[in-house]
1. Take the stretch 136-150 and flag every residue that is in contact (Cβ under 8 Å) with a residue 24 or more places away in the chain and either open to solvent by less than 40 Å² (accessible area, probe 1.4 Å) or assigned to a loop (DSSP other than H, G, I, E, B) (or both).
2. In the stretch 34-49, which residues are free of Cβ contacts under 8 Å to residues at least 24 places away in the same chain, part of a helix (DSSP H, G or I) and of a type in the set (Gly, Ala, Ser)?
3. So, in the stretch 34-61, exactly how many residues are open to solvent by 20 Å² or more (accessible area, probe 1.4 Å) and closer than 16 Å to GLY117 by Cα?
4. Out of curiosity, is PHE105 open to solvent by 70 Å² or more (accessible area, probe 1.4 Å) and touching a helix residue (DSSP H, G or I) at 6+ places or on another chain (Cβ under 7 Å)?
5. Here is a list: PHE6, PHE17. Which entry is of a type outside the set (D, E, K, R), open to solvent by 50 Å² or more (accessible area, probe 1.4 Å), more than 22 Å from ILE133 (Cα to Cα) and outside any loop (DSSP other than H, G, I, E, B)?
6. Can you pull out every residue in the stretch 50-72 that is in contact (Cβ under 8 Å) with a residue 40 or more places away in the chain and either within 22 Å of PHE88 (Cβ to Cβ) or of a type in the set (D, E, K, R) (or both)?
7. Condition check: of a type in the set (Ser, Thr, Tyr), in contact (Cβ under 8 Å) with a residue 40 or more places away in the chain and either in a helix (DSSP H, G or I) or surrounded by fewer than 24 Cβ atoms within 10 Å (Cβ to Cβ) (or both). Does SER31 satisfy that?
Amino acid sequence: MAHSWFEDALGILTGTFSAAFGIYLLQSSGSVTGGTAGLALLVDFATAWPFWLIFGLVNLPFAALALWKKGVSFTVRTVISIALVSLFSAVNHVLVPLGDINPIFCTLAGNLFAGVGLLILFRHRASLGGINIIALLVQEKTGFRAGWTQLAFDVVIIAAALIVVPWPNVLLSAAGAVLLNVVLALNHRPGRYIGH
């Protein structure tokens with residue numbers, strides 16, 4: 001049941017597009033999420049740097065961890081995925097201008113899109129770097145689901161958002177991050193998916 005190179009390529013394109021669109025909805029609603037995307041959004045809100053650049057830079061240190069623990073194939077797929085999310089993030093701002101939006105809908109929909117995107121990437125042996133890599137390593141070594149590990153890190157990141165984001169947005173962000181991690185915890189577990 002191995003994926004063909006075409007299935008992997010299409011899966012990575014679909015997963016990164018979905019994740020980038022979800023992040024764009026979060027950014028547009030003034031919300032954050034967990035993981036390195038959440039860290040990048042925090043820096044984006046606090047500085048004038050573009051999200052696509054911040055996201056790439058935040059994930060650089062984790063490339064060495066991926067190479068060491070997950071091998072060349074996973075690392076290459078992950079670096080490509082990070083680059084594609086950065087690219088799609090820049091494109092979304094140009095091609096999908098958002099006017100008056102509902103922050104509740106955009107926060108929940110953004111996390112749902114991002115969660116589904118991550119799930120697709122995980123199933124094609126890739127990730128969006130950072131915390132995703134740690135969560136996958138913990139799941140492989142202990143069986144503790146990646147979504148729950150990610151959620152633990154996300155609590156810390158979202159709490160840090162109180163420094164740059166109004167507290168109602170932080171509460172909404174927390175609800176959205178729970179939704180994202182529930183998607184991962186319920187759908188990405190050992191033995192559930194037989195493709196590789």
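The values are calculated or read from the model by the stated rules, or taken from the named source; none is laboratory data. Note that this is a predicted model, so its numbers are computed, not measured. Here the Cβ positions follow ideal geometry from the backbone for every residue, glycine too, while neighbour counts run over all protein chains shown. When the accessible area is computed, the model is the full protein with side chains, heavy atoms only, and any ligands, DNA or RNA have been set aside. Shrake-Rupley method; radii C 1.70, N 1.55, O 1.52, S 1.80 Å.
1. Once the filter is applied, which keeps residues that are in contact (Cβ under 8 Å) with a residue 24 or more places away in the chain and either open to solvent by less than 40 Å² (accessible area, probe 1.4 Å) or assigned to a loop (DSSP other than H, G, I, E, B) (or both), the stretch 136-150 yields LEU136, LEU137, GLN139, GLY143, ARG145, ALA146, GLY147, GLN150.
2. ALA40
3. Number satisfying all stated conditions: 0.
4. Values: open to solvent by 70 Å² or more (accessible area, probe 1.4 Å): yes; touching a helix residue (DSSP H, G or I) at 6+ places or on another chain (Cβ under 7 Å): no.
No, not satisfied.
5. Numbers: PHE17 fails: more than 22 Å from ILE133 (Cα to Cα).
Matching residue, one of PHE6, PHE17: PHE6.
6. Step one: filter the stretch 50-72 for residues in contact (Cβ under 8 Å) with a residue 40 or more places away in the chain, giving 50, 58-59, 62-63, 65-66, 69-70.
Passing the criteria: PRO50, VAL58, ASN59, PHE62, ALA63, ALA66, LYS69, LYS70.
7. Details: of a type in the set (Ser, Thr, Tyr): yes; in contact (Cβ under 8 Å) with a residue 40 or more places away in the chain: yes; either in a helix (DSSP H, G or I) or surrounded by fewer than 24 Cβ atoms within 10 Å (Cβ to Cβ) (or both): no.
So SER31 does not fit the description; no.
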